[in-house]
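Data block below; observations after.
The values are calculated or read from the model by the stated rules, or taken from the named source; none is laboratory data. Since the structure is predicted, the reported quantities are computational estimates derived from the model, not experimental observations. Neighbour counts run over all protein chains shown; Cβ positions are idealised from the backbone, glycine included. Please note that ligands, DNA and RNA were not included when accessible areas were found on the heavy atoms of the full protein model with its side chains. Shrake-Rupley method; radii C 1.70, N 1.55, O 1.52, S 1.80 Å.
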Amino acid sequence: MNMESEKEQFLKEYGSDYGYPNSPKNIDEIRATEFKRLSDTVYLDHAGATLYFESQMEAVLKDLNSTVYGNPHSQSSCSLASEDVVGKARQQVLNFFNASPREYSCIFTSGATAALKLVGETFPWSNDSSFMYSMENHNSVLGIREYALSKGAAAFAVDIEEGTHLGKSESPKSNFKLTQHRVQRRSEGGVPKEGMAGSAYNLFAFPSECNFSGRKFDPDLVKIIKEGPERILESAQCCRGCWLVLIDAAKGCATNPPDLSKFKADFVVFSFYKLFGYPTGLGALIVRNDAAKLMKKTYFSGGTVAAAIADVDFFKRREGVEEFFEDGTISFLSIAAIQHGFKIINMLTTSSISRHTASLAAYVRNKLLALKHENGEFVCILYGVLSSEMGPTVSFNMRRPDGTWYGYREVEKLATLAGIQLRTGCFCNPGACAKYLCLSHLDLLSNIEAGHVCWDDRDILNGKPTGAVRVSFGYMSTFEDAMKFVNFVENNFVILSSDRCALQPSPICLPIEGIAKAAARHILTSITVYPIKSCGGFSVDQWPLTSTGLLHDREWILKSTTGEILTQKKVTEMCNISTLIDLNLGKLFVESPRCKEKLQIELKSSSLVTGDIMDIQNHRYEVRSYNNEVDIWFSKAIGRPCTLLRNSGSQSHSCIDKNGSRAICRDVGARLNFVNEAQFLLVSEESIADLNSRLKSKGRRSNGGHTVQVGAMRFRPNLVASGGEPYAEDGWSNLNIGGKYFMSLGGCNRCQMINISAEAGEVQRFSEPLATLAGYRRAKGKILFGILLRYENNAKTKSDTWIHVGEEIFPNGDRH
């Protein structure tokens, strides 16, 4: 698509809504002056967090540098300055939601989640209460269910259908239909008693906008529920009593904040970083003063009491709503910053922001819906588009021409390489995810049993997506952002006849011109052992083979204090840790530029201390740890607390199907150390030379301006082969190296880790070589380079169990 002509067409349709034509600065001026940091980035995750103006942050810094703000729980002049700015901030919040201070109060919290938690733990639950919530709710809203159920209340989800499907009516009630899901209770003792439920307090929670699909919910729900939900519910079993209503405005407040002068919700929660980017860690609960009187708070703290006696059961709470609920010292410096954020919102106006972002979302929806493969099959399945009102969010999945799904992790990986920041998964909204992806309870339980959890890489299970792709627009998003994203989808996921070569699995594509055809004789040219997962390895001319692969290869791991297995993806300092094993001395030597002393670890197990069991990627490991001195050394080396663990035994405890959908680790039949997929990784010198030729021909350059070239070690292979044509290894099903037999498990799926370079002690991240590989080595959601091997330790194996550099490789059973 031509950018100029496409934008001209876009402006014909959306020109009156796009770009803030009536504001002091239009969108192009805003991007040029306030968001220079986005020059190489297309940021499309405003539902996750929007961005701040540069001038906004300058104003915040100027304010903090020119004013002394003290603890507001004091009477000094500095403290009074804080009290004053906090009071003004509360009023700004109430004004934003058109809420009268006579009717509503603003309670500052650490975020929308903390505000929801506060409602849940102080709500007057009883055995006769009900907690009703829409299926399309964030996990932070679902968490309120735990408070309700623990107090004997009932809890149930509802699907909400609005007027588009039901036909318009003069009565708001006639435009809604609530379909109730199964009622949940923790005990039979919680069943309401006849005649008692009328005095109970019930809570209904819904989002102003679904963070999964972008669907906007009609605020008329507030009036209807408060008048009595039994009129629109299929079942009225749990509808008696007084209903209070909570709106989760975290997603919707940036473009369509609830008008509390018209829709008298009892509770509204939101976070400021969703509004104007900064500050983070600050949100608010807007509560009706009448509802606040019903809330039951047990704990008291500094700032919430007027008086207390230390050795007597006596305290007197403060009377103000805010003082009653804000435990301890509030984040007064962050609160002082929000005035500068509201200046941005007031300058642009929420109505203009809403129209601007809606025009971009509509453009992207229309373009995605129109995309077709060569065979006429539609590419994109969009979620929530049938709803009458949609926010600036587009959630979707994509199919290949044969109807199979592209995994959302593949989309995210390629988007990152293209400089596009988006979000994938279920977005902490399990109800909306299950609803739109048509996942039954059986599907969800099956996925959990397969090991699927939030933020993992299991994006397709049993032939169905486990999440979606989401792009969301903010007040500084541009047409150029939207069009670049549409072009990205079209270039990478719409299959035409000319694209088929790039998607053939094995070999994926012929080498480019300029690579001479090599001899068919294959030789092993390098052996590398990596004792500690994700740390540096060492090369040898010969090394013993064992039932787990190369002796001591990835036999150790580093684990964080939270239990996370550390890798270079998150802890790039691990690149600079070098290792060496001396088999004669029986020692592992470890060095780091951050540590003066070289660490020496005895290979004998006598140096190990406590033992434990760990489950990692469908393998169960018996692990042992070391003394505190070793852990202190590694913690210093990587700059964070960690523990070194050694594998003392592993066992597979899960299976995979033919498509590999049940587990990440494909080599479930072998004994493994701490590997991702298999015992060995092999790459060929010819394939690396071909890749470097492609990098050079495309003019790929590093941050320093040099042509990007990669060596074999960038891919962390155990074995490097030479001879034959590039990517000949793709066709190897098995191989014989000096009488040792290996089975190929297929290509190695590459990730961002190969873009990490550590030269002269400096660690840098690039988009290459993964971006180039994605262009010609992509197949069925994977970017393949190198092959995975398993050592066949059986009766055929010679008594010499060492592998040697220089040995000839005979693929697919070939021998002299």
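Selection over region 757-784 of residues that are free of Cβ contacts under 8 Å to residues at least 24 places away in the same chain and either assigned to a strand (DSSP E or B) or crowded, with 19+ Cβ neighbours inside 10 Å (or both) gives a count of 2. Among the residues making up region 44-102, a single one is charged (D, E, K, R), closer than 24 Å to Gly302 by Cβ and open to solvent by less than 50 Å² (accessible area, probe 1.4 Å): Arg90.
Within region 747-756, track down each residue that is of a type outside the set (Val, Ile, Thr) and either in a helix (DSSP H, G or I) or crowded, with 20+ Cβ neighbours inside 10 Å (or both).
Within region 747-756, Gly747, Cys748, Asn749, Arg750, Gln752, Met753, Asn755 meet the criteria.
Looking across Ala115, Ala155, one residue alone is touching a Lys or Arg at 6+ places or on another chain (Cβ under 6 Å) and not in a loop (DSSP other than H, G, I, E, B). It is Ala155.
Annotation: of all residues in region 349-378 being touching a helix residue (DSSP H, G or I) at 6+ places or on another chain (Cβ under 7 Å) and outside any helix (DSSP H, G or I), the one that is most open to solvent (accessible area, probe 1.4 Å) is Glu374.
Determine whether Tyr147 is touching a Leu at 6+ places or on another chain (Cβ under 8 Å) and crowded, with 19+ Cβ neighbours inside 10 Å.
Criteria not met by Tyr147.
Evaluated against (1) under 33 Å from the mean Cα position of the chain (by Cα); (2) part of a helix (DSSP H, G or I), Glu629 falls short on exactly one condition, (1).
Surrounded by fewer than 22 Cβ atoms within 10 Å (Cβ to Cβ), at positive phi and under 35 Å from the mean Cα position of the chain (by Cα) - does that describe any residue in region 721-744? Checked against the condition, which is being surrounded by fewer than 22 Cβ atoms within 10 Å (Cβ to Cβ), at positive phi and under 35 Å from the mean Cα position of the chain (by Cα), region 721-744 yields no hits at all. Which of the residues belonging to region 82-120 are of a type in the set (Asp, Glu) and either touching a residue at least 60 places away in the same chain (Cβ under 8 Å) or outside the structural domain of Phe267 (by the TED database) (or both)? Answer for region 82-120, where residues must be of a type in the set (Asp, Glu) and either touching a residue at least 60 places away in the same chain (Cβ under 8 Å) or outside the structural domain of Phe267 (by the TED database) (or both): just Glu103. Within region 121-132, the only residue that satisfies the criterion of being open to solvent by 10 Å² or more (accessible area, probe 1.4 Å) and either free of Cβ contacts under 8 Å to residues at least 12 places away in the same chain or hydroxyl-bearing (Ser, Thr, Tyr) (or both) is Ser126.
Give region 334-348 a look and list any residue that's surrounded by fewer than 15 Cβ atoms within 10 Å (Cβ to Cβ) and either within 30 Å of the chain's Cα centre (by Cα) or free of Cβ contacts under 8 Å to residues at least 24 places away in the same chain (or both), or say none.
Asn346
Scanning region 435-446 for residues that are free of Cβ contacts under 8 Å to residues at least 60 places away in the same chain and either of a type in the set (A, V, I, L, M, F, W, C) or crowded, with 18+ Cβ neighbours inside 10 Å (or both) yields Leu437, Cys438, Leu439, Leu442, Leu444, Leu445.
Against the condition open to solvent by less than 10 Å² (accessible area, probe 1.4 Å) and assigned to a loop (DSSP other than H, G, I, E, B), how does Leu260 come out, does it pass? In short, yes. Among the residues of region 8-43, those identified as closer than 25 Å to Leu417 by Cβ and either over 31 Å from the mean Cα position of the chain (by Cα) or surrounded by 12 or more Cβ atoms within 10 Å (Cβ to Cβ) (or both) are Arg31, Phe35, Leu38, Thr41, Val42, Tyr43.
Here region 388-417 is the region considered, the condition is being in contact with a Ser or Thr (Cβ under 7 Å, 6 or more places away or on another chain) and not in a helix (DSSP H, G or I), and the residue that is farthest from Ile460 (Cα to Cα) is Ser388.
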